[in-house]
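Everything on this sheet refers to the single structure shown next.
The values are calculated or read from the model by the stated rules, or taken from the named source; none is laboratory data. Predicted model only: the values in this text are computed from it and were never measured. For neighbour counting, all protein chains shown are included, and Cβ atoms are generated from backbone atoms with ideal geometry for every residue, glycine included.
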Amino acid sequence: MSNSLDQIFISAKQWLLSFLAGAPDPIIQIASSLLNIAAVLGVFLTLFALISVLERKILGRMQNRYGPNRVGPFGLFQPVADGIKMLIKEDIVPKRADKIVHFIAPIMIAATAILALGVIPYGRNMTPFAIDGGILFFFAVGSTTELAVFMAGWGSNNKFSMLGAMRAIAQMISYELPLIIVTLPVVMVVGSLSPDAIVAAQSKFWFVLTPWGAAAFILFFVSGLVESNRTPFDVPEGESEIVAGHMTEYSGFKYATFFMAEYFGMFAISGLGVTLFLGGWQAPFAWLQFIPSYVWFFVKLSILLFVYIWVRGTLPRTRIDQIMGFAWKFMLPMAFTCVVAAAVWHYEGRGLAGWLWSLAVIAIVYVGLSRLLDTGKRFAPRTYRFAE
Amino acid sequence: MSIVAFVLISILTLAGALAAATLPKLIHAALSLVVTFLGVAAFFFLLGAEFVGLVQVFVYVGAVAVLIVFTILLTRREATAADKFNWRGAVVAIAVFAGLVWAILKTTSLSIAAPQIPALTVKRIGEVLMTDFVWPLQCVGLLLTAALIGALILVMEEKRQ
């Protein structure tokens, strides 16, 4: 019973494909791919609508106000109203803009975000596109986002847009390095670049439970925050400084596309974090396996997304030089330490001894690095001379 | 199926390359070069070399294209007027192309049917890199480290006395 529930979507797909029985092979392949694409788009567009309203509700709760509550029960139809508003808005293109580049940028940014969602295993046998180098595919696709952001900033022919794009590219390139390096220990320990193999390797314990895994997960999460341009790292948008960064000159549905791409990027990076460190679709305990695998995946994903919203409601925006300094001086050395710690853990036999040794490696480097980076500044309540 | 894909990708790649060579605005040329890079990656996929294709996208689209775009942005303010056609460049290009064609046609391995290669996994690539090709790998690492240090020294602020 539980097994058939677990595989219900696979069975549904097989049933749909059975109508095509007897058709030539390429057609069945294309139909199967189209079904996968439709499923990914459907699920994540719904999640996007849901998360956009939930984010505003949770932020409202944290800031002691109501948040959207006018449209439908509990304001749940707010995304529908927003969507209609975005669709019927006038599409404004600046006269001096580079029309073609301006037009392609939102399409490209959305396409890369959706492509990245394709390689994540959402459940047992539920990877839309299972390729051998899935992790590499994810990052290869993610690295083209920078180009799309640049196109948006440059195509708008606006100083604010260009500034925002430059900031975005600078921080995305800087944090891509730690982001990729912290996935290395997982790839090393599993010995495969395929997300399915990585999830399968975590059937006994999740990698976040090892010292190197925990450290790598935290680094991954921070880098993910930066890559998806979320607070406290949302300087590319920085609405109080540069209007909306590279999105300044976009209106109507193109703006909505950017907004959607940002959320899709967030889903993708959280999904990869779940896959790499939190056991993917595996249940935390064997006796909990009666709950279908995709439920576990989406529960973990929602918890991560809640933390994203929580962080947004809690932390102020950081300065660009602080962001960059943090990336190169702290994140990068710590990411390399995770690789070393994972190697130590492996050669000490993956047991308790390895656990302790890798913890020691991380602790020593962490303490040393903090001593090294300590500027000696002590923070005290600010004293005001004339503003009291 | 693969013939159709080959023709489509070829058209896309060549169109990108042609646009990169002829478009008057440098940024447009750089962005069409990206199309060419993607086309080359698609060729690798078509040949079953998944890993190389992904690295192609990763390195060329993710890094080299961004680098080109940045250099254009930081060096030129306005797009200059189109230069008149440069014959010397065309001659050199044709000479290089002819040389390549000649070399490829001379290669004997083209006429031999490809042997049955076992599926190339990432694990196998790692093993080969760490055993047979460890010295080339070390040399590349040394070269890249030297380049990195050189770049750092170039941009380092000089302390005023």
Which pairs have Cβ atoms under 6 Å, sit 6 or more apart or on different chains, and link a residue in region A:169-184 that is facing another protein chain (nearest Cβ under 9 Å) to one that is of a type in the set (D, E, K, R) and crowded, with 21+ Cβ neighbours inside 10 Å?
A:Ile169/A:Glu146
For region B:54-70, check the following and say yes or no: at least one residue is out of contact with any helix residue (DSSP H, G or I) (no Cβ under 6 Å at 6 or more places or on another chain), within 14 Å of chain A (Cβ to nearest Cβ), modelled with pLDDT of 70 or more and over 28 Å from A:Gly155 (Cβ atoms).
yes
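If the requirement is being in the same structural domain as A:Val182 (by TED's automatic domain parsing) and closer than 15 Å to A:Asn158 by Cα, which of these qualifies: A:Ser240, A:Ser251?
On the way: A:Ser240 fails: closer than 15 Å to A:Asn158 by Cα.
Result of the check over A:Ser240, A:Ser251: A:Ser251.
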Going through region A:47-77 in order, the residues found to be at pLDDT below 85, assigned to a helix (DSSP H, G or I) and buried (at least 18 other Cβ atoms within 10 Å of the Cβ) are A:Gly75
Identify all residues within region A:78-98 that are part of a helix (DSSP H, G or I), touching a residue at least 24 places away in the same chain (Cβ under 8 Å) and either in contact with a His (Cβ under 8 Å, 6 or more places away or on another chain) or of a type in the set (D, E, K, R) (or both); write none if there are none.
A:Asp82
Identify the residue in region B:71-91 that is modelled with pLDDT of 75 or more and within 14 Å of another protein chain (Cβ to nearest Cβ) and, among all such residues, is surrounded by the fewest Cβ atoms within 10 Å (Cβ to Cβ).
B:Leu74
Reported set for region A:327-341 where residues are within 20 Å of the chain's Cα centre (by Cα) and farther than 19 Å from A:Ala214 by Cβ is A:Ala327
For A:Phe290, only one of the following conditions fails: (1) touching a Ser or Thr at 6+ places or on another chain (Cβ under 6 Å); (2) modelled with pLDDT of 85 or more; (3) of a type outside the set (Gly, Ala, Ser). What is its number?
(2)
Within region A:342-379, the count of residues that are assigned to a helix (DSSP H, G or I), within 17 Å of A:Phe326 (Cβ to Cβ) and not hydroxyl-bearing (Ser, Thr, Tyr) comes to 6
Restricting attention to region A:237-246, does a residue exist that is closer than 22 Å to A:Lys89 by Cβ, at pLDDT below 85, part of a helix (DSSP H, G or I) and under 21 Å from the mean Cα position of the chain (by Cα)?
yes
Complete set of residues in region A:101-138 that are away from chain B (no Cβ under 12 Å), of a type outside the set (Val, Ile, Thr), surrounded by 20 or more Cβ atoms within 10 Å (Cβ to Cβ) and assigned to a loop (DSSP other than H, G, I, E, B):
A:Gly118, A:Pro121, A:Tyr122, A:Gly123, A:Arg124, A:Met126
Out of all the residues in region A:262-275, is one or more of a type in the set (Asp, Glu) and buried (at least 22 other Cβ atoms within 10 Å of the Cβ)?
no
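So, in region B:36-53, how many residues would count as being within 11 Å of chain A (Cβ to nearest Cβ) and assigned to a helix (DSSP H, G or I)?
We begin by selecting, within region B:36-53, every residue within 11 Å of chain A (Cβ to nearest Cβ); these are B:37-38, B:41, B:45, B:48-53.
Imposing the further condition that a residue be assigned to a helix (DSSP H, G or I) reduces the set to B:37-38, B:41, B:45, B:50-53.
Total satisfying the criteria: 8.
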Which numbered condition B:Leu120 fails, given (1) modelled with pLDDT under 85; (2) within 14 Å of chain A (Cβ to nearest Cβ); (3) in a helix (DSSP H, G or I); (4) surrounded by 10 or more Cβ atoms within 10 Å (Cβ to Cβ)
(3)
